[in-house]
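Since the structure comes first, as structure tokens, the remarks are kept for the end.
The values are calculated or read from the model by the stated rules, or taken from the named source; none is laboratory data. Since the model is a prediction, treat every value here as computed from it, not as a measurement. When we count neighbours, we look across all protein chains shown, and the Cβ atoms used for this are built from the backbone with ideal geometry, even at glycine. Remember, those area values only see protein heavy atoms, side chains included, never the ligands or the DNA or RNA. Shrake-Rupley method; radii C 1.70, N 1.55, O 1.52, S 1.80 Å.
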Amino acid sequence: MNNSHTHYHRATDVLAKPFSAPFLKYIWAGIAVGLATGLVVSVFRWIIDQALHLLTVVYPFLNHHPVWLIPYVLGTILVS
């Protein structure tokens, strides 16, 4: 069996050249995926935090002005 065209390597072959070009390609791809995922999660958490801060203003307002409950409920239904 000819092993020159196989994509599988022994562990010792990989460890002998840890910074070879194909190996680094996977490292950079993993770093890029990690950064993109971290950015998406961070933005999502920031949006949730801002929404919670907004609710601390909206709910007391609705408590003092109950007529605004109708547009609030309708807007919530239309957005979701």
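Summary of computed values
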| item | result |
| --- | --- |
| Unmet criterion (only one of (1) of a type outside the set (A, V, I, L, M, F, W, C); (2) surrounded by 10 or more Cβ atoms within 10 Å (Cβ to Cβ); (3) within 30 Å of Thr12 (Cβ to Cβ)) for Tyr59 | (3) |
| Residue within region 36-53 that is of a type outside the set (Lys, Arg), open to solvent by 100 Å² or more (accessible area, probe 1.4 Å) and modelled with pLDDT under 95 present | no |
| Top-ranked residue of region 1-18 - restricted to ones that are modelled with pLDDT of 70 or more and in a loop (DSSP other than H, G, I, E, B), ranked as most open to solvent (accessible area, probe 1.4 Å) | Arg10 |
| Output for region 10-66, where each listed residue is of a type in the set (Phe, Trp, Tyr) and within 30 Å of Thr76 (Cβ to Cβ) | Phe44, Trp46, Tyr59, Phe61 |
| Filtered residues of region 20-54 (kept if charged (D, E, K, R) and over 18 Å from the mean Cα position of the chain (by Cα)) | Lys25 |
